[in-house]
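Below: one structure, written as structure tokens.
The values are calculated or read from the model by the stated rules, or taken from the named source; none is laboratory data. No experiment lies behind these values; they were computed from the predicted model shown. As a convention, Cβ positions derive from the backbone with ideal geometry for all residues, glycine included, and neighbour counts pool all protein chains shown. Side chains included, ligands, DNA and RNA excluded: accessible areas come from the protein's heavy atoms. Shrake-Rupley method; radii C 1.70, N 1.55, O 1.52, S 1.80 Å.
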Amino acid sequence: MEVGRQGLRQAKRSPQLVKSWDQDNNKFYLRCPQTSLEIIVCSARVLRFRFSPEGFFEHDFSYALEVEGGYPTEECYFELVEVQDEYHILTDCLTCKISKTLHISIFNKDGKLISEDERGFHWERHEKYGGNIVYSSKKIQEQESFFGLGDKPNVFNLRGLRFENWGSDTYGFEKTSDPLYKNIPFFLGLHSKLAYGIFFDNSFRTRFDFGHERGDVCSFWSKGGEMNYYFIYGPELTEVVESFAFITGKPELPPLWALGYHQSKWSYYPEERVKEIAAQLREEKIPCDAIHIDIDYMDEFRCFTWDSQRFPDPERMTAELETDGFKTVTIIDPGIKIDKDYDIYKEAVENKYFCRRADGPLMRGEVWPGLCHFPDFTDPNVREWWSGLFEKFMEAGMHGIWNDMNEPALMDIGTFPNDTRHDYDGHPCSHRKAHNVYGMQMARATYHGIKKAMFPRRPFALSRSGYAGIQRYAAVWTGDNLATWEHLWMANIQVQRLSISGVSFAGSDIGGFIGDSNGELYTRWMQMAAFHPFCRTHSSRDYADQEPWSFGQPYTEAIKKAIELRYQILPYLYTVFWRHVESGTPMIKPLVFLDQEDTETYYRMEEFALGNNLIICPIARAGADGRYMYLPKGQWYNYWTDELLEGGKEVWVDTTLETFPFFVRAGAIVPQFPVMQYVGEKQIESLDLHVYINESSYTSELYEDAGDFYDYDQGNYRLRSFIQQSEKNRLYIQQLNQGRFNSEYSTYRLIVHGLAFTPAGFKIDGKQEMFEEVMEDIPEVFIFEVDKGFEELELLTLSGFAAD
Ligand code: MIG
């Protein structure tokens, strides 16, 4: 930790003692002669702490929060009691003890210590900039693990490491590179099988140390702003992330097509090239829903313009693509070319929309168009103007916008100079404070702009940078990675880590952005990314083609199968997304999120779950004919072979080029679509429900709506729950229904895996139907069709009927 002379001087000062306390509804103030601590009870399990060395607090404002103008609160019981020399704040879940020296320790209601200050709140004067460097340090508990912090590419468990948040354009980043593009100052701690989280809501450059400097101390600090953090109790890891979403928000449901496969390259141009790619996807029958068009579509890189040679009639092009089932996504960067003949430039200068330096002139930096000025996206007027620019632009028929370079990234000077001024929504400040939220505010303006322009269709926005809360506006990708096996491994870690940091809608450049990929690497990457919420191939103009067919057979076929698999699991994926939107539940769950009781999972990082029912473990090296992986406790079906395995141990899984370790939870019912070339291509006559038999009761969900538009808000959705509870010679499923959406299919095709008896017929809501032939042997997979409207369904043996 950086301790300057001032710090040592401060450290020698004896700690101040609390002289008085007062309360304003759910806020408690503990006042020392100079310093003050504010503790806010946000909910029974979320406490917010603000520490002020001067004794007063700045205006309370944060871009991270879902609730405009304030942190969220939930009605709950709380009170402060004085116990000997301590103050205790009690809720139904927590006891927070505060000593007279403002040391914090937090216990759950069983009296178990969850978190405890080491030195706790402290500060020193910042000699270079003035103001304070604010610190908090906590004791690391026995066997404590740490997770989170957005897309750091390093090992999954953060224990022993140190990180910082300062959004950076990290072309070709490495496993240990830090900082990266995104800034999410949130982590989870897990010890004694109990989890909590800390969200340090400070947009300055923040730093975190998880026992790197001192083995038993976890600390976080920043050279500006407030020591302002939320303590979030679980005890389940998933609950911590859900509460983090309660603070920082959730996205709206994306259009279903956005969960399809996206094909991208820097750059597909001219129009003929775009058409060629689209045509070949259809010809090879490789499903795809979106084509991304990178910077070269613009007229000399001027945002919101088209190069008329390369794209003479964008509106016609996007319409033709749409006829073939492709949505068009175009890139928009923050830099506006300095060009007195460029409308948008002129408008922005006239209206003072660009950022300025402290001494007056417009802030200037070089990007693709040459020298640019940059809109101050932290100014609400600028955001409104930016949003409005999409009205005309989207008339060309795009369905999504991709924001790049919004760390912000400059080619000449890296990023904006620290003295650049920002409005920060009426709290004027320097770039030191605004840097980490700049990209998110750009994505916010973009999202609102395209949403308005496209209404009533749902928008799709993609962003490279972001602060905590970016998920409310955009999907994200992990930036300029490499076409290497190590980067496949890193993408796996990054997407998991983003997911548990509130950002589920994430993916990587499949196959790698930098470097020539190869067939096997691209295949394995696609097999993993088929399960990532955002699934896009993207690669740099400087390297070889990277389309599903680029490496020939046998790879094209294997890649196609992986993409087809994604289209098959779309109804499952959409349901998992809906659950994320509803409850903030992370879509991708690291293994430890599936079973934190099992300490074996704590250092596992390659296996991950999509939702609760599917587990994948990517193949991350060349020439593999299988791999070892850890299966969590419970029973799991091998997706490819239907072999039923007992979890809670490491298993070897055989694979071919077309398969990879992929397991389904016993008891689950997994809906599948037929393979389609794009979302909505085919009418679904009968929905496939893959039933994985298990004897203990298990509930699976299926959420459906129109896949676009907003009328799900008026109840036009369908939520089905399937409760499966089977026995040795009886399959039993109960169905519950909510909402009034009319699914287009009228029947379910039940595909039963793991049957242990020969079925003779079924009973549907008491009505009996016998199969025409009675099988002699137990079928490996048994398929039958029933009306979708049932409440109770039983599949029975002959004697099962007789017993009735
Ligand atoms: O300076 O727009 O991460 O996806 O293809 C490079 C060109 C700018 C960086 C992005 C990448 C994109 C590229 N961009």
Checked segment 54-90 for anything closer than 18 Å to N202 by Cα, surrounded by 17 or more Cβ atoms within 10 Å (Cβ to Cβ) and among the β-branched types (V, I, T); matches are none
Those residues that are assigned to a helix (DSSP H, G or I) and more than 16 Å from the ligand (Cβ to nearest atom), I need them from segment 439-460; list them, please.
M440, Q441, R444, A445, Y447, H448, G449, I450, K451, K452, A453, M454
Give me the pairs: first residue in segment 18-30 and closer than 16 Å to H88 by Cβ and part of a strand (DSSP E or B), second residue open to solvent by 60 Å² or more (accessible area, probe 1.4 Å) and hydrophobic (A, V, I, L, M, F, W, C), beta-carbon distance under 6 Å, and six or more apart or on different chains, which are they?
L30/W21
In segment 789-804, anything surrounded by fewer than 17 Cβ atoms within 10 Å (Cβ to Cβ) and either farther than 21 Å from N737 by Cα or charged (D, E, K, R) (or both) is listed as E791, E792, L798, S799, F801, A802, A803, D804
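Looking at segment 461-484 only, could you name the residues that are outside any loop (DSSP other than H, G, I, E, B) and within 16 Å of the ligand (Cβ to nearest atom)? Spell out the reasoning first.
Taking segment 461-484 and keeping what is outside any loop (DSSP other than H, G, I, E, B), we get 461-463, 466-467, 470-472, 475-477, 482.
If the condition is that a residue be outside any loop (DSSP other than H, G, I, E, B) and within 16 Å of the ligand (Cβ to nearest atom), then A461, L462, S463, G466, I470, A475, V476, W477, L482 are the ones that fit.
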Filtered residues of segment 393-423 (kept if of a type in the set (S, T, Y) and either open to solvent by 10 Å² or more (accessible area, probe 1.4 Å) or within 16 Å of the ligand (Cβ to nearest atom) (or both)):
T415
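Test F390 against the stated conditions and say whether it is touching a helix residue (DSSP H, G or I) at 6+ places or on another chain (Cβ under 6 Å), part of a loop (DSSP other than H, G, I, E, B), open to solvent by less than 10 Å² (accessible area, probe 1.4 Å) and away from the ligand (no atom under 16 Å from the Cβ). Steps first, answer last, please.
On the way: touching a helix residue (DSSP H, G or I) at 6+ places or on another chain (Cβ under 6 Å): yes; part of a loop (DSSP other than H, G, I, E, B): no; open to solvent by less than 10 Å² (accessible area, probe 1.4 Å): yes; away from the ligand (no atom under 16 Å from the Cβ): yes.
The answer is no for F390.
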Looking only at segment 661-703, how many residues end up being touching a Cys at 6+ places or on another chain (Cβ under 7 Å) and open to solvent by less than 10 Å² (accessible area, probe 1.4 Å)?
1
For segment 493-523, which residues satisfy the criterion of being in a helix (DSSP H, G or I) and farther than 16 Å from P548 by Cβ?
I493, Q494, V495, Q496, R497, L498, S499
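G507 - would you say it is within 16 Å of the ligand (Cβ to nearest atom), at positive phi and free of Cβ contacts under 8 Å to residues at least 60 places away in the same chain?
Spelling it out, it is not the case that G507 is within 16 Å of the ligand (Cβ to nearest atom), at positive phi and free of Cβ contacts under 8 Å to residues at least 60 places away in the same chain.
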Can you find even one residue in segment 751-768 that is in a strand (DSSP E or B), among the charged types (D, E, K, R), at pLDDT 95 or above and farther than 30 Å from L610 by Cβ?
yes
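Grab the strands (runs of 3 or more DSSP E) fully contained in segment 231-348, keeping just those with 2 or more residues being open to solvent by less than 20 Å² (accessible area, probe 1.4 Å), in contact (Cβ under 8 Å) with a residue 40 or more places away in the chain and among the polar types (S, T, N, Q).
The qualifying strands (runs of 3 or more DSSP E) are 261-265, 327-332.
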Single condition L188 does not satisfy, out of (1) of a type in the set (A, V, I, L, M, F, W, C); (2) away from the ligand (no atom under 16 Å from the Cβ); (3) more than 20 Å from A64 (Cα to Cα)
(3)
